[in-house]
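> Next up is a structure, given as structure tokens.
The values are calculated or read from the model by the stated rules, or taken from the named source; none is laboratory data. Predicted model, so just to flag it, every value in this text is computed and none were measured. Reconstructed Cβ throughout: ideal geometry from the backbone, glycine too, with neighbour counts over all protein chains shown. All accessible areas refer to the heavy atoms of the entire protein, side chains included, with ligands and DNA or RNA removed. Shrake-Rupley method; radii C 1.70, N 1.55, O 1.52, S 1.80 Å.
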Amino acid sequence: MKFIKNIIQNIKEYLNRSDIDVRERLFMLLAGIALIGMGIAFLMGLAIHENIESLLVVAGGLVFFSILVIVGYKIKRIVEISYVVAVVLVLVMMPINFFTSGGIHGGAALWNLFDALYIALILRGKPRAFFLGLQSAVVIAIYYVYYNYPNLIVQHSEKTAFEDSIASYLIIMVFLVVMVSFQTRLYIKENEKANQQSEEINELNRSQNRFFSSMSHEIRTPINTIIGLNEMILREAPTEDIKEDAQNIESAGKMLLHLINDILDMSKLESGKMDIITAPFDVADMISDVAGMIWVRAKEKGLKFSIDVAPDMPKQVTGDEVRIKQILINLLSNSVKYTNEGSVELAARCEDTSDPEITKLIFSITDTGIGIKKDSIPYLFDAFTRVDEENNKLIEGTGLGLSIVKQFIDLMGGNITVNSVYNVGSTFTVELPLHAVGDARININKAKGTSKKKYAPKFTAPEANILIVDDTPMNIKVVERLLKDTQVKITTASGGEQALEKTLETSFNVILMDHEMPGMNGIECFHKIKTQTGGHSKNARIVALTANAGPECAELYSREGFDGYIVKPVNSQLLEAEMIRLLPKELVTVNASELDDDNIGILWRDDHVTKTPVALTTDICSALPKELLRKNNIDIIPAKIKTVNGTFNDTIDITADTVIDSILDEDNLVAVKEVSVERFVEFFSEKLKTANEVIHISTPDGVGGSNYKQALEASKTFDSVTVIDVGLLSGGIGLLLLELNKCIKIGMNTHDILTIIEDISKHIKGQMITRNPNILKEGNLISYRYYKLSTAFSLMPVICFKHSRLKVKSLFFGPKKNAWSAFIRKQFKSKVKTANIDTSLLLVPTAGISYNDKMWIKEEINKWITFDKIIFYEASPIVAIYCGPGTYGLMYKEK
């Protein structure tokens, strides 16, 4: 008995070992139960006089599977053994057992279910699906054999079949109960473990949040002293040198505070406790505050820092000013940090949205810094990630800034894009949907003036009584100094008990109350003052003056009944504004401040640069006549044409006629040099200086001289560049560009334009006819079969673009004008009847076509259809290279 107990105990310990895979434990359990079951089945078979064949099968299986299990356990290859067991069960044991145990009249069918259970529990993925399918096939096969060849089955007597079924049922029932119990126990145990781990993680997060909150509180207290007393130096600085040093201290202190906020905010974002608090704020003041923290650092590095604000920006908007400041400060700090020479610019503009109550504020931060490698851009917004670490190892930073920026923008329902060229510079563009407050627009001149104010108290109140309660003497001193010029009467208390003594003696108008103090905290003191027997300050306005930051703190103080909430380090302007709000009006005299337009004010640019919302570009010089390209502001990046006389820009430096002359001279070789990826990057980068987004319509991929792949690769450097292959020929792309330009003029954005490009393209038709099959063959634009037909019978091929390839659409026979006439007739004869052609414009690009021939073509077109305007223009040299002289196309749009 002791031996059996030890075995059972060892089995229990094995099954409960979490270091062993669940599948292995399950296999051993199932195997053990199966072996016991087979042993019982063998004994019961003897008892009920089962036929010898069936008993031999059970005995053989018992021995075979015992050996397999022992070997698998010893060599630690349970997974492989489980596959072997599945093969033997499905292909050997199951059919033999079925044929030797009475077929459907016995327990064989129930054992088939046990086999399926084994496969489902032990095997995984594709092997499980395979073996379940295989088992199903075997079951169907043996049932088919049973039905058609019953003599192959070793039949049971009715009594034996009944006994075998009952025995099999009981054994398999025990199997199922044990297996389900084990699985349930495993589930409960894993669930408890997961819950425990989840609680440990939550506790870790809570501890982390407590640490960050405590750290924020502890660091804010000395920063309050630094910034507060530095404010006094700024106010009273006797020389410009001292004033400049104080400004540097102020900037550094605010940047340190900003870093602390980043760390605290990252903790809140990770725990899902970050809230966006919206309130009206002044856009110009917000931008000036941000600039005030950045310009000193830019100046230290010798960088030019400028602000460009569109004059139609709303004066006030509703949003989370604090978070928007953090976004801009993080982005600007990065720009200054990674720019060694040149400039950093903050640009701000706005766009209307489909919702008349929402205005989209767009901030762009552009620098001439080191740029970002294309491969690094996807990881740019990951927390604690610094891209290009090898080259940036000497630059300080936590790697938190951009991650926080992205998460704040997402919380506000905004968007951020990056356009960056390595070793050239970067542009980060932030779009935020905000509510505009009123119709007033920003006053640039006033904004420039108010960017930096010479201090003068906003008010004086010599009869006002103020009580400051704080356990840190330096904090009291800071507030005393900040309020000195307002002439208020100040009383101080170092804790809650002393504050209660003061309120028994004096009636205070306003009490500035620290929260976390030893003994009695600020909230307790607040309630005792309000209920103090014989107290003279029950009606005093009490403001929480604390280093605890965050919206949850504001909610706490509001819920407790405080009249206001000021976060340390104390902002002198906010402090004075609160005093004006809370002090009795009869005690306050509001003063007009004088302005000093120095330092930050000069950063605001007078010459606001208005960018085009969407710019259209192409690399197809024959898309449109030059005058239409200029008129519609469509820029082209030309390919290079290489001849014996040098390399020239397509269309700009060389014409189609010149190329045709070279082609006709067999000694002159002409080749097209594709535009490089680097050249596309430069082109897009330059275009983005005058446009917010770029849509580039490229040469179709699959056409000779195509630049699509290079343009697409270059566009990966920019979030604001979209490259499209619409599968149209040169003039067809020109018609598309004209249609897209109309969309831009009515204010459609890139997203909306991209959704309709395909539909517009379907309505643009175009084909070209040429009399030069030899040149088409050299450029692989015509198959050998069409080439032989064309040369043998003097046929003129008509080419079109279909399924991403240039193909021969048809062939026309006869002299030049007969073929041309047939080509024109085929284009327009049937279409006129259905009146589905837009007759406003027909483009006819030509190569090597004389003036007289052009006039003849025009007359021939007018026989079939009248267009408002037919424009003949010289195709690009590339068309001449690939199609040869005597080529022209018909490009039009269907309704």
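> Can you give the FRET efficiency for residue 673 and residue 437, using 1/(1 + (r/R0)^6), R0 = 51 Å, r = Cβ-Cβ distance, to the nearest 0.05?
According to the calculation, E is roughly 0.35.
> Next question. Would you tally the net charge around residue 649, using a Cβ to Cβ cut-off of less than 12 Å, leaving residue 649 out, and scoring K and R as +1, D and E as -1?
+1
> Separate question: Taking R0 as 51 Å, what FRET efficiency do you get between residue 143 and residue 709 from their Cβ-Cβ distance, rounded to the nearest 0.05?
0.30
> Shifting gears a bit: Students often get this wrong: which residues of segment 452-487 have the backbone nitrogen under 20 Å from the point 7 angstrom along Cα-to-C-beta of residue 279?
458-459, by backbone N distance to the label point.
> Percent of accessible area on segment 224-367 owned by carbon and sulfur, 1.4 Å probe?
Here it works out to 52 percent.
> Same structure, new question: Once fully extended, how much extra length lies between residue 644 and residue 242, figured as 0.36 nm per residue of separation less the alpha-carbon to alpha-carbon distance?
Working it through step by step, the gained length comes to 137.8 nm.
> Which value in nm describes the separation of the simple spin-label points at residue 184 and residue 52, placed 7 Å from the Cα toward the beta carbon?
4.6 nm
> Relative to the present Cα-Cα distance, how much length would full extension add between residue 894 and residue 633 at 0.36 nm per residue of separation?
Gain in length upon complete extension: 91.5 nm.
> Specify whether the C-alpha gyration tensor of segment 133-199 places it in the rounded, prolate or oblate class, a ≥ b ≥ c being the square roots of the eigenvalues: rounded for a/c under 1.5, otherwise prolate if a/b is larger than b/c and oblate if not.
Oblate.
> Which entries in the list 337/709; 762/817; 788/809; 304/568; 458/502 go over 23 Å, if you measure between the two C-alpha atoms of each?
337/709; 762/817; 304/568; 458/502, as the Cα separations exceed 23 Å there.
> Next question. Quick one: length gained pulling residue 751 to residue 207 fully straight, 0.36 nm per residue minus the C-alpha distance?
Full-extension gain reported as 191.4 nm.
> So, in Å, what gap is there between the alpha-carbon centers of segment 78-139 and segment 471-540?
One Cα centre to the other: 83 Å.
> Another question about this same structure. Percent of accessible area on segment 816-895 owned by carbon and sulfur, 1.4 Å probe?
48 percent
> To the nearest 0.05, how large is the calculated FRET efficiency for residue 858 and residue 423 if R₀ is 35 Å and r is the Cβ-Cβ distance?
0.10
> Right, something else. Round to a whole angstrom and tell me the spacing of the C-alpha centers of segment 403-428 and segment 312-341.
About 11 Å separates the Cα centre of segment 403-428 from the one of segment 312-341.
> Follow-up question, since we're still on this one. Compute the distance from the alpha-carbon center of segment 357-376 to that of segment 861-890, in whole Å.
Cα centroid of segment 357-376 versus Cα centroid of segment 861-890: 43 Å apart.
> Next question, about the same structure. Counting Lys +1, Arg +1, Asp -1, Glu -1, what net charge surrounds residue 738 among other residues with beta carbon under 12 Å of its beta carbon?
For residues surrounding residue 738, the net value is +3.
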